[in-house]
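Here the structure is laid out as structure tokens; the discussion comes afterwards.
A short reminder: the numbers here are calculations on the coordinates, not readings from a lab. Everything quoted here is computed from the prediction, not taken from an experiment. With ideal geometry, Cβ positions are generated from the backbone for all residues, glycine too; neighbour counts draw on all protein chains shown.
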Number of protein chains: 2
Amino acid sequence: MAEHSINGAANLLIGAVPFADSLGMAPSSSHRTGTVKVDSGELGLALDRRSEVPLYAQLAGSLRSQIESGALPVGARLPSTRELAEVLEVHRKTVVQAFQALEAEGWVEAGVGQGTFVRRPGGRPAPDGGTGSAFPWEEVGPSNPTRDEDLREFVLRQAPREDSVRFTGATPDPALFPADEFRGILDEVLRTEGVHALDYGPAAGLLSLREWLAARLSAKGIAATADQVLIVNGSQQGMDLVARTLVEPGGRVLVEEPSYSNGFRLFQSYGAQIDGVGTDEDGLDPEALRSALAKGPAQLLYVMPIFQNPTGAVLAPERIDPILETAAEHQLAILEDHFDADLVYEGEDPEPIRRRDTRGQVILLGTFSKILFPGLRLGWLLLPPPLVERFVQIKQMADLSSGLLVQHAMDLYCRRGLLDRHLERVRATNRSRLAALSAALEREMPEGVTWRSPRGGMTFWMTLPAEIDSLALLQTARRLGVEFSPGSLFFPNGGGARHLRLCYVRETEERIRTGVARLAEAVREEMARGREEPARPFV
Amino acid sequence: MAEHSINGAANLLIGAVPFADSLGMAPSSSHRTGTVKVDSGELGLALDRRSEVPLYAQLAGSLRSQIESGALPVGARLPSTRELAEVLEVHRKTVVQAFQALEAEGWVEAGVGQGTFVRRPGGRPAPDGGTGSAFPWEEVGPSNPTRDEDLREFVLRQAPREDSVRFTGATPDPALFPADEFRGILDEVLRTEGVHALDYGPAAGLLSLREWLAARLSAKGIAATADQVLIVNGSQQGMDLVARTLVEPGGRVLVEEPSYSNGFRLFQSYGAQIDGVGTDEDGLDPEALRSALAKGPAQLLYVMPIFQNPTGAVLAPERIDPILETAAEHQLAILEDHFDADLVYEGEDPEPIRRRDTRGQVILLGTFSKILFPGLRLGWLLLPPPLVERFVQIKQMADLSSGLLVQHAMDLYCRRGLLDRHLERVRATNRSRLAALSAALEREMPEGVTWRSPRGGMTFWMTLPAEIDSLALLQTARRLGVEFSPGSLFFPNGGGARHLRLCYVRETEERIRTGVARLAEAVREEMARGREEPARPFV
């Protein structure tokens, strides 16, 4: 159990029940099943080697349901990783991973030299060393769909190597932040606006900033007025307000497949059923949208037409009208996310869906976080007029208003033309990094790995040979010192194992070249392993 | 119709149907009922002079349900205010008020010299002058309980006189904001932290600020560790995250009666049923809590034990244990709101409930908005350990994290001791203002008006003689140049007409004296009117 990190106190291990180590296994071709005797009865464990679910995840899930059912009571000791590995005929690392996943979720707890014990999920010591019995928080409130996270999260939570090249996180490079320039702007705001910049602001946001945004959008052919603009705390809050206002529990939300995982998880947290709609190199497929709607009505379509996250695709202009018409026919509201639409490195500005929206069915979402500072938490929604009042009310409920000081600063920064100047610098840097990435991939990647260079944005989508699972590749890549986002993260209903996403805008060209060399090495290792072990499990 | 302000375009008035002006009324003692013939049938209108609901609100409600049912179709012209006033035997102002309320809610629209027309609720012109039919947003999403606002809101939305003394809004005086000091702090943060202060921050908030808060709470006898502190965008977001995590649709939330209206409206917006629990000058009554729980289970108790908003009461220390025990017995979670607990002007610091919480059943909510700057939008939650992970996840869903730059600045401001120094200044100013308010009330108020001076906080609660309704008083007071919050705002289930709340911390002593003189004049006017017209309607 040396692999376990110890967190949590031993006083949680109430009445440890020894776990019986008599295990009777009934082998079959691709399945391993077994029963385990414990005080409270027999436990069944089943693994399916042909499943898309990694073995460690299957084992963790099996143990978790035994804990949930009470078959494995609080305090019970789990068998050792060595024992379980032998009986289930899996690598010991698989068992360790399963245990680590359960520990990260709070189901089990490791004690030094004592083994692994079942604890109350989420349970921790009572505060203040109090003597009263702990309040049963787990019984309060609606069930929280976000708590039952996919085990991929566990892999992603593991700490990377110190010197890792990180192709994760679609966020701008802090090295480019114009911190000094912004310091001058903040100083000026506080000198000129004084205390007024520190008071409560309007719920819809600072009028001057909304006017600037409306004018900027109008200049791009997106008719907008300031009263349709709502300032929010980054695009995440924009999405949250949309979900809260328009998504009903049990309702259906359509998202591109693949799509931004924080987006569809958010909709799931409101009780929505998420269905993926097929995409290709030209973005969302209108035919796939029609098919999805033929299966039943939906409340919302969440779509990123410009430099889609994760694929980097741009929606073909000839697809916009069919999408709008299909949506109108089915009373499907559209949330169009322009998270990095300004980051164009090549060719014309792609066309937004909202520009052709004549019915007022599109909500447009944007942010300053991808071109300027995420730490200000400023984004915006452009709303169809009938929604404005509802959204302002919901924004007030959520947090009254966004911070006024940072809105004043952003407004002055934009009106001085500094945003556009900064955007040019960011575009130039990102363009060079994208070129460095493409060149390195051409040079380093073994045959069978494919990609299509985007012409803007922050994300780069790759496809692996059939025998490689990107989650397994990530384990190898991490050891070699490079991080990326496995494709399965972006598929709401499973799949994506052959894909991975690289974000290249936070690393220098030199580090990009190092990262790609390491990644190519990891791919070669995995390909070699794939040849040795064709029906290869996760580890 | 000169009283109507004109907003909105005439192109909304699709196929105006003339409103028949044949009205047949059936008078009774305290009721006025009448029927109105229109193309689509007959409309019934009923007013009850003995109801607590103001007449204008009854009329607006009656017309609104006719519009909702379709009996009054889109485009129908309403009869003139003069006609309706004659037939219903009410003052014409009552009808004008009803029309204004409907207009503010988007149900009707005034055209210059044309009268008032029914329009689609919330309907406005399609964006971009588009030619397609408008998207039916009103059919998308869950029904929104916040949209059907009480008509009190309408009264409160009316613009006050330019020179009005404003005893509304429990917010600090911007004149006291240490803007220059804070400018220096921000400058220092950006010079020392540089770009790191502008990047994404941790979802739970800046560790250093959480440590400072935990140490400060611990120094006050509230055992706290940094990992139990979650930084949020002001206490409104704190409440929102609590509601989102712990309140289920159809669940029951107990609040003090009276209580902070944005609080219980927020819980209502999550589908909770709100029940008031009786309070007196010693705060929440434990007996009333027991009675409320005897009627059925509840999920959450929302309580402000220290300088309660609106009453200013402090919870008596001997009530804390009974409240905690009753809550534990009924698995009732407690949200304790310390919105202005630091604003002590006299005597010892009042005791928080959380200090005696041995079971971990209390969530503590605090904010910087009431002592420093609301415009930063910074507040915090102190969470029982089993809730931490759930809340961090929900915070991430809501907006990823609070702004990092302002957290760095607040952290430095606090660690330099500047918050405590500023707090002393605010306390001294507020103490003098409270004294000025008390003295002026003693001097000016006619007999029959009563109050109990608080010893801290921002709010001052008054009780009017039985014959005065504070909503009616507000209309008179507004004319005389003074604003306050009518008591009915703070009662979730009706009542409170005899009370009003004064917030005195945003006005100077001289303006406070002027305001009280105007308020006393308004009270005398209303008392005189009350004697003339005992069963007096709202206007």
Counting only residues 5 or more places away or on other chains, whose amide H sits under 5 Å from the amide H of A:Val108 once H atoms are built in the peptide plane? A:Glu103, A:Arg119
Averaged over its residues, how many other protein chain Cβ atoms are within 10 Å of peptide A:200-211's Cβ atoms? 1
With x for Gly and Pro, the residue-by-residue ³J(HN,Hα) of segment B:493-503, computed from phi through the Karplus equation 6.51 cos²θ - 1.76 cosθ + 1.60 at θ = phi - 60° and given in whole Hz, is 10, x, x, x, 4, 8, 10, 8, 10, 10, 10
FRET E, pair A:Thr463, A:Arg290, Förster distance 22 Å, beta-carbon r, rounded to 0.05: 0.25
quick note, segment B:179-416, DSSP beta bridge pairs, % antiparallel (nearest 5) is 35
Dipole of segment B:379-480, positive end: most advanced residue of B:Met410, B:Ala435, B:Thr459 [Cβ charges, Cα centre]: B:Met410
Under-5 Å amide H pairs with B:Val277, H placed in peptide plane, nonlocal only: B:Val255, B:Glu256, B:Glu257
Computed ³J(HN,Hα) along segment A:211-224: with the Karplus parameters 6.51/-1.76/1.60, θ = phi - 60°, integer Hz and x for glycine or proline, the list is 5, 4, 5, 4, 5, 5, 5, 4, 4, 8, x, 9, 4, 8
Which whole number gives the average count of other chain Cβ atoms within 10 Å of the Cβ atoms across peptide B:391-402? 6
Positive dipole terminus of segment B:179-416, leading residue within B:Pro317, B:Gln396, B:Leu382 (C-beta point charges): B:Gln396
Shielding of A:374-380 by partner chains, average beta-carbon count, 10 Å: 6
Note: B:Asp227 to B:Arg443 extended length (0.36 nm per residue) minus current alpha-carbon separation gives 72.6 nm
The lysines whose Cα lies under 18 Å from the Cα of B:Lys395, excluding any fewer than 8 residues away in the same chain, are A:Lys395
HN-Hα J in Hz across segment A:430-443 - Karplus 6.51, -1.76, 1.60, θ = phi - 60°, x for Gly and Pro: 5, 4, 5, 5, 4, 5, 4, 5, 4, 4, 5, 5, 3, 6
Label distances, nm, A:Gly296 versus same residue in remaining copies, Cβ-directed 7 Å point: 3.0
Considering only DSSP beta bridges where both residues belong to segment A:166-299, give the percentage that are antiparallel (nearest 5). 25
For A:Thr116, the residues 5 or more places away or on another chain with a placed amide H closer than 5 Å to its own amide H are A:Leu78
Listing A:Tyr345, A:Tyr56, B:Tyr260 from the residue with the fewest other Cβ atoms within 10 Å to the one with the most, what is the order? A:Tyr345, B:Tyr260, A:Tyr56
Most to least packed among A:300-307, A:442-449, A:487-494 [average Cβ atoms within 10 Å]: A:300-307, A:487-494, A:442-449
Simple spin-label model, 7 Å along Cα-to-Cβ: A:Arg531 to A:Thr450 in nm? 2.1
If you take the beta carbon distance between A:Arg479 and B:Arg166 as r and set R0 to 60 Å, what does 1/(1 + (r/R0)^6) give as a FRET efficiency, to the nearest 0.05? 0.40
If you stretched the chain out fully between B:Arg92 and B:Glu281, how much longer would it get, using 0.36 nm times the residue separation minus the C-alpha to C-alpha distance? 63.9 nm
Only Lys, Arg (+1) and Asp, Glu (-1) charged, at Cβ; segment B:179-416 dipole about Cα centre in debye: 720
Gain in span if fully extended, A:Ala159 to A:Arg82, counting 0.36 nm per residue against the direct Cα distance: 25.3 nm
Between B:Glu248 and A:Arg416, what is the label-to-label distance in nm when each label sits 7 Å out along the Cα-to-Cβ direction? 5.3
Checking the a/c ratio against 1.5 first, then a/b against b/c, what shape does the Cα gyration tensor give for segment B:179-416? prolate
